[in-house]
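*Asks:* Sharing a structure, written as structure tokens. Questions coming.
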Amino acid sequence: MAKNIDKFQEELSRAFELDRLVRSHIIYEAITLEGILEQIIAAHFCPDEAKHLWFQSLLFREGEVSFRNKIRIFKKLLTKTYPDIY
């Protein structure tokens, strides 16, 4: 019985470690994707590249635009302005 409990705890520990690694990778990729969306939106609405960082900060940080809304903005931008890409 104790052997089964030890084996179960070992397997559970492995599952938690794998979950932690996968979850951290997903979060990392989502953060990267969010930054790319911000850059694309900034490039479209603010052609002056020197002002992109300021534009992104003002719109996305000060305006507190969520990741979901950034995706919505990007989708609308593609459908209206770049339908061939969409």
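*Asks:* For the structure I just gave you, tell me whether Ala15 is in a helix (DSSP H, G or I), among the aliphatic types (A, V, I, L, M) and over 19 Å from the mean Cα position of the chain (by Cα). Before the answer, list the steps.
*Replies:* Numbers: in a helix (DSSP H, G or I): yes; among the aliphatic types (A, V, I, L, M): yes; over 19 Å from the mean Cα position of the chain (by Cα): yes.
Against the criterion (in a helix (DSSP H, G or I), among the aliphatic types (A, V, I, L, M) and over 19 Å from the mean Cα position of the chain (by Cα)), Ala15 qualifies.
*Asks:* Cβ-Cβ under 8 Å, sequence separation 6+ or interchain: first residue in the stretch 32-49 and touching a residue at least 24 places away in the same chain (Cβ under 8 Å), partner open to solvent by 70 Å² or more (accessible area, probe 1.4 Å) and assigned to a helix (DSSP H, G or I). Which pairs?
*Replies:* Leu37/Ile71
*Asks:* Just to be sure I understand, how many residues within the stretch 19-49 are over 20 Å from Ile85 (Cα atoms), of a type in the set (A, V, I, L, M) and open to solvent by 80 Å² or more (accessible area, probe 1.4 Å)?
*Replies:* Going through the stretch 19-49 one residue at a time, the tally reaches 4.
*Asks:* Could you list, in sequence order, all residues of the stretch 39-60 that are outside any helix (DSSP H, G or I) and under 17 Å from Lys76 (Cα atoms)? Show your work before the answer.
*Replies:* So in the stretch 39-60, the residues outside any helix (DSSP H, G or I) come out as 46-48.
Answer for the stretch 39-60, where residues must be outside any helix (DSSP H, G or I) and under 17 Å from Lys76 (Cα atoms): just Cys46.
*Asks:* Which count do you get for residues in the stretch 50-64 that are charged (D, E, K, R) and either open to solvent by less than 40 Å² (accessible area, probe 1.4 Å) or over 17 Å from the mean Cα position of the chain (by Cα) (or both)? Before you say what the answer is, go through the steps one by one.
*Replies:* Applying the first criterion (charged (D, E, K, R)) to the stretch 50-64 yields 51, 61-62, 64.
Checking the rest, the ones that are also either open to solvent by less than 40 Å² (accessible area, probe 1.4 Å) or over 17 Å from the mean Cα position of the chain (by Cα) (or both) come to 51, 62.
Going through the stretch 50-64 one residue at a time, the tally reaches 2.
*Asks:* Criterion first (hydrophobic (A, V, I, L, M, F, W, C) and open to solvent by less than 70 Å² (accessible area, probe 1.4 Å)) does Ile71 satisfy it? Spell out the reasoning first.
*Replies:* Details: hydrophobic (A, V, I, L, M, F, W, C): yes; open to solvent by less than 70 Å² (accessible area, probe 1.4 Å): no.
No.
*Asks:* Among all residue pairs at least 6 apart or on different chains, which show Cβ distances below 7 Å where the first residue, located in the stretch 53-73, is farther than 16 Å from Leu33 by Cα and the second is part of a loop (DSSP other than H, G, I, E, B) and modelled with pLDDT of 85 or more?
*Replies:* Cβ pairs passing all conditions: Phe55/Cys46; Leu59/Val65.
The values are calculated or read from the model by the stated rules, or taken from the named source; none is laboratory data. Since the structure is predicted, the reported quantities are computational estimates derived from the model, not experimental observations. Cβ atoms come from the backbone with ideal geometry, glycine included; neighbour counts cover every protein chain shown. The protein model used for the area step is the full one, side chains on, heavy atoms only, and it has no ligands, DNA or RNA in it. Shrake-Rupley method; radii C 1.70, N 1.55, O 1.52, S 1.80 Å.
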